[in-house]
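Below: the structure, in structure tokens.
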Amino acid sequence: MEEREGEVRWDGLCSRDAAARDAALDTIGQAVLRRAGSIASGAAARDGLGEALARLLMLSKRCPFPDVREKSEAILGGVQELGIRIPRPLGHGPSRFIPEKETIQVGKEDATMHTLFAESFATLGRLDNVTLVMVFHPQYLESFLKTQHYLLQMDGPLPLHYRHYIGIMAAARHQCSYLVNLHVNDFLHVGGDPKWLNGLENAPQKLQNLGELNKMLAHRPWLITKEHIEQLLKTEENSWSLAELIHAVVLLTHYHSLASFTFGCGISPEIDCEGGHTFRPPSVSNYCICDITNGYHGVDEIHASPAGSIPSTESVCEVEALMEKMKQLQECRDEEEASQEEMATRFEREKRESMFVCSSEDEESAATRDVSRHFEDTSYGYKDFSRHGMHVPTFRVQDYSWEDHGYSLVNRLYPDVGQLLDEKFHIAYNLTYNTMAMHKDVDTSMLRRAIWNYIHCMFGIRYDDYDYGEINQLLDRSFKVYIKTVVCTPEKTTKRMYDSFWRQFEHSEKVHVNLLLVEARMQAELLYALRAITRYMT
């Protein structure tokens, strides 16, 4: 079970060829059973066996290839017969907010989703919980996976271990141990130096220099200036090239946003990661060991959850009222258009009001040492841009937009990435099934635009052609609290917040909201960073 040798053997499971997977599983099974036999006879210590068993448990539940699932379960059964305790999953499914029975079960997916799952597994070596929640929206998931694969694995300015380390730095800013754990494993897998994981101060100076940009992008992107860019590009031997910096900026914004999705959808720890499994026997006395390997946890699987449950009169009224407001706003739009001055005033009012929307669970959540070692200045967090008399000029999209400026800059310095991001933004923004809760044939474009523009408004970004008065009509306070928390301080998101907005909507619709939040946030961060880079270049 020597580490490097073990990695080679696990890699064989990612093959699309069933014979290659079978051979890899034979090798893994022999090694694991040999090791377990030595432990059972008292001839060896347990070193490394726990990780291998946890990985086999994950494969038995989460691998899209049935042959791998079945054989992994058989190997675990063989270990158990030797008298060695095997792990069992903790938790219920990929999300703490969405009942497992309402998510797509691995092994029960349709052909389109199976192709997506197999692609994800072959590329990443796992089918992670983010994918299992995003698959509510297969068109978006496909674009997301393609972009992430390109950023992490295809040719690009940065070496592979730098890419995963930047992912760790970005996720750590939001204390997202879920993403940090995944990328620690990936970082080591591509040959990263384990010493860097002891803390940012152990990483190369070049990566340490990225700390300031990481911090501002995550929490206060409006403060980024061309001087910050100049500092990174002009620090002699530790300097970044423009192409490297664009790659780093896209990675940072990708993982800040993905942390928002992770917390916003209550993503559970992966089965083979810390918090995803236990070796302790279940405390419930009346169930047998075969239940463990079959994934029954001795707890009632049905979670009480508002989304998708029996409609209450109040929540049905909520949907009806929202649809009525959309209809009225459309009629007002058709009748008269507000003046430019009035539109500007409404934007300023909404921006000011957004500062007073704050999470009701506004306690400080201290970063754990485990995650906080990957970034500096742990006390630095989100602050509204106009607090304490500080005025930040409005960022007008008419002066610098993704479509006219950001896209071409990214594509020029990091070919194809602008195209991939553009496609992903468009899919999230335009995605619709023309439904709202129990209603069909609904045009939701007004609602989607209100959500997107509210997020940009919180970042001080204004669209001259949008009437910000619509936001207050369409987004109620509990929804605004949820949006602001997920986008600005995602680590403070709670199940109560998730449950309290749009109570009669499907979970898939709430996941769709999170996709809008992720992409609007990523685009807002990118706009500030790319504008600063453009100013530096001119």
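The values are calculated or read from the model by the stated rules, or taken from the named source; none is laboratory data. The structure presented is a predicted model; accordingly, all values stated were derived computationally and were not measured. All Cβ positions, even for glycine, are placed from backbone atoms using ideal geometry, and neighbour counts span all protein chains on display. Accessible surface areas use protein heavy atoms only, side chains included; no ligands, DNA or RNA. Shrake-Rupley method; radii C 1.70, N 1.55, O 1.52, S 1.80 Å.
Among the residues making up region 1-33, those that are modelled with pLDDT under 90, open to solvent by 40 Å² or more (accessible area, probe 1.4 Å) and either in a helix (DSSP H, G or I) or touching a strand residue (DSSP E or B) at 6+ places or on another chain (Cβ under 8 Å) (or both) are 3, 4, 5, 7, 8, 11.
As for region 168-176, it holds at least one residue that is crowded, with 16+ Cβ neighbours inside 10 Å, in the same structural domain as residue 482 (by the TED database), outside any helix (DSSP H, G or I) and among the polar types (S, T, N, Q).
Would you confirm whether any residue within region 264-275 is open to solvent by less than 10 Å² (accessible area, probe 1.4 Å), among the hydrophobic types (A, V, I, L, M, F, W, C) and in a helix (DSSP H, G or I)? So far as region 264-275 goes, no, none of its residues is open to solvent by less than 10 Å² (accessible area, probe 1.4 Å), among the hydrophobic types (A, V, I, L, M, F, W, C) and in a helix (DSSP H, G or I).
Of the residues that make up region 279-289, is at least one among the hydrophobic types (A, V, I, L, M, F, W, C) and either in the same structural domain as residue 144 (by the TED database) or modelled with pLDDT of 60 or more (or both)? Within region 279-289 (the criterion being among the hydrophobic types (A, V, I, L, M, F, W, C) and either in the same structural domain as residue 144 (by the TED database) or modelled with pLDDT of 60 or more (or both)), the answer is yes, since at least one residue qualifies.
Scanning region 406-445 for residues that are part of a strand (DSSP E or B) and open to solvent by less than 40 Å² (accessible area, probe 1.4 Å) returns a single hit, 436. Restricting to region 157-167, and then to whatever is in a loop (DSSP other than H, G, I, E, B) and touching a residue at least 24 places away in the same chain (Cβ under 8 Å), can you tell me which residue is farthest from the chain's Cα centre (by Cα)? For region 157-167, the residue satisfying everything is 157.
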